[in-house]
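The values are calculated or read from the model by the stated rules, or taken from the named source; none is laboratory data. Bear in mind the structure is a predicted one, so any value in this text is a computation, not a measurement. Please note: Cβ atoms are built from the backbone with ideal geometry, for glycine as well, and neighbour counts cover all protein chains shown. Note: accessible area is taken over every heavy atom of the protein model, side chains too, but ligands, DNA and RNA are not part of it. Shrake-Rupley method; radii C 1.70, N 1.55, O 1.52, S 1.80 Å.
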Amino acid sequence: MDDDRDLQAVLRLIHAGGAAAPRRALLSMPGGPASALDAGPAVWRAAGLDARQCALLAGDAPDIDRWHDWLTATSARQLIAWHDPDYPALLRRMSAPPLALFVEGDVARLWRAGIAVVGSRAPTVGGRDNAAAFARRFAVAGFAVVSGLASGIDAAAHAAALDADGDTVAVLGSGIDQPYPRSNTRLHARIVGTGTVVSEYPPGTPARREQFPSRNRIVAGLALGTLVVEAAHRSGALITARLAADAGREVFAIPGSIHNPMARGCHRLLRDGATLVETPEEVIDALAAIAAGLADALQGRLGAPIQRGKTIPAVPAEQQASPSSDGDPDYHRLWNALGHDPTGMDELISRSGLTVARASAMLLSMELDGRVAAAHGRYSRKS
């Protein structure tokens, strides 16, 4: 959010807690979040906020300054709220979408066709190898690998996607700056550097047991389909799979030995109608057509009203090196900021004057069109 008053207003709404639907209603009001909060308690109550939420909105909120400082410390950090056109289209379709997402990394990855890879925190060696092999193949095929940064299957999937120079999205059940378990701190930092970390919980929020099922709905909501690699009969991975199925998403499961307790959850899913898969290609083929539909939605997103960076004169037509999307001058600015040598996001923002969100979305579109190559968070022209 370029408007700091709007950012402060959204942070205050997050601080208010409670039912999300009334707070989403305030965010959807004409004039933006700051205008909705300035309207006062009568409007808040009319939107459905209860007495406690109204009191928190009107009272002191010292935590907000700390959250604000974290967000504004670097351009790689953003808050994507319900009213924002950058809010992920797939997640918006879930039955209980989060009010806002704290994001560190490339926000465009939240729009990329993704596959959730989930499973046990204590997998067998074979399960860990399967998670890595499937995630690596998904990354090479151009899918983002989405998971929860837990031990075991999650960590193996994230690491394999990164090793393949692919995209990965880690959804935390704790504050955006609080990796859990702590043993994944190094992996968290690696994903921040070349992937994307997401949480609905503000910086500093510790990990609590009740937050992880909520985390799972975001994992399921950001992905076109969910693959369960290994899971016990009672497992958080099964919650993710159920939430994905409830949202109309594809659910896949890898079968295992009847003697392996970590296969029982997968067998339960298969009995309930999940698709049995033995190779990554089976998942990729099943999701290819749906991924094409998401690409169309991304194109629509790029045509929507969007936050802008500083104003820069349009590049004259005779200087444009590549056709833009529907003549949008921002495409020309970004294209002319790109070279054949890999260039990082900060440099592209400096050259083009675009916001990180705008440039990231356009780079993803160019990549899908085969005009831009991306590796290790750096971008270059293909032609």
log₁₀ of I(q)/I(0) at q = 0.22, 0.23 Å⁻¹ - region 73-115, Debye sum with one point per alpha carbon: -0.75, -0.81
Relative frequency of Cα-Cα separations exceeding 30 Å in the chain, percent: 40
Whole-Å distance, taken between Cα centres, linking region 1-48 and region 229-278: 39
Region 18-74: relative contact order as a whole-number percent, Cα under 8 Å and 6+ apart: 27
Charge dipole (debye, nearest 20) of the chain; +1 at Cβ of Lys and Arg, -1 at Cβ of Asp and Glu: 920
Sulfur and carbon atoms: percent of accessible area, the chain [1.4 Å]: 51
Computed accessible area, Asp86, all protein chains, 1.4 angstrom probe, square angstrom: 10
Cα gyration tensor shape for region 36-88, rounded if a/c is under 1.5, else prolate or oblate: oblate
Förster radius 41 Å - calculated FRET efficiency between Ala39 and Ser75, Cβ distance, rounded to 0.05: 0.85
Length-normalised contact order of the chain in % [C-alpha pairs under 8 Å, at least 6 apart]: 14
Of Gly256, Val283, Tyr201, farthest towards positive along the dipole that unit charges on Lys, Arg, Asp, Glu beta carbons give the chain: Gly256
Accessible solvent surface per residue of the chain, calculated while the other protein chains remain in place, 1.4 angstrom probe, Å²: 42
Relative contact order (%) - criterion: Cα under 8 Å, at least six apart; region: region 136-198: 34
DSSP H segments from the chain that extend 30 Å or more along their own axis, Cα-based, with Kyte-Doolittle mean of -0.5 or above: 280-302
Expected 222 nm ellipticity per residue - DSSP helices of 4 or more, -39500 (n - 2.57), all of the chain, to 500: -13500 deg cm²/dmol
5 angstrom amide H check on Ala232, placed H, neighbours 5+ away: Gly265
Distance between region 194-220 and region 101-152 - C-alpha centres, whole angstrom: 15
